[in-house]
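Asker: I'd like to ask you about the structure that follows.
What follows draws every value from the coordinates through simple rules; no lab data is involved. No experiment lies behind these values; they were computed from the predicted model shown. No Cβ is skipped: glycine too gets one built from the backbone with ideal geometry, and neighbour counts run over all protein chains shown.
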Amino acid sequence: MIPTAGSYDSDVIGVVGLPSILLSDKFAEEVGMALAITRTDHSAEDLRGQARRAQDGDQACRLVALALVLEGASRTAAARAGGMDRQTLRDWVIRYNEAGVEGLRDRPRSGRPPRLNAAQLAELARLVEEGPDVAEHGVVRWRCVDLQAQIKARFDVDLSERHIGRLLGQLKFTRLSVRPRHPQADEVAQQAFKKTSPPW
């Protein structure tokens, strides 16, 4: 005989019919274990509006989950709607109570410091924007390998071509570029050729 689920069972984890490690929402709220949202500066409607305007998708999910809690949904349903479990929702409630909507953003992660500082990145952006000088650099347009040599010469920093490609992406440069123009091109001859060529 298979036992039916009891009222004390959690619908998050656990074996049906046996006590679960996590308490159900109903039981947790009965004994006063559910953490309340103490901030009253935003209503559920305000939080949903902020979620629509949020640039960060994770923050938007957290805002929707908190809006559901304010509307009276169970913690399990709110957590599921926000793509998290109840414990994670509880952690975000704590952060929201302490810091408001801004507390729902991910904190900056520590990591390796950038190889180029802000001034060097600005100079690299200027260099890419101006383009190479054929007489000085020997190329008509920048490639990652050319920029790699320029960064080594100017800043004494060794970067891989892949890293330079990522830096260019961060600086909002794309691989698309205008057709390179040869420095010894004859504009008059090109225009005359275009006008006299038969249409194909």
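Asker: For Cα pairs less than 8 Å apart in space and 6+ apart in sequence, what is the mean separation divided by the residue count of region 122-165, i.e. the relative contact order in percent?
Answerer: 26 percent
Asker: Sort Leu68, Leu63 so the one with the fewest other Cβ atoms within 10 Å of its own Cβ comes first.
Answerer: Leu68, Leu63
Asker: Same structure, new question: For a quick protection proxy, order the peptides 184-192, 158-166 by their average other-Cβ count within 10 Å, most packed first.
Answerer: Highest-to-lowest ranking by the protection proxy: 158-166, 184-192.
Asker: Can you sort Lys152, Lys194 from fewest to most other Cβ atoms within 10 Å of each residue's own Cβ?
Answerer: Lys194, Lys152
Asker: Which order results if Arg90, Arg112 are arranged by neighbouring Cβ count within 10 Å, fewest first?
Answerer: Listed from fewest to most nearby Cβ atoms, that is Arg112, Arg90.
Asker: Among residues other than Val93 whose Cβ falls under 12 Å from its Cβ, what is the net charge (Lys/Arg +1, Asp/Glu -1)?
Answerer: Every neighbour counted, the sum reads +4.
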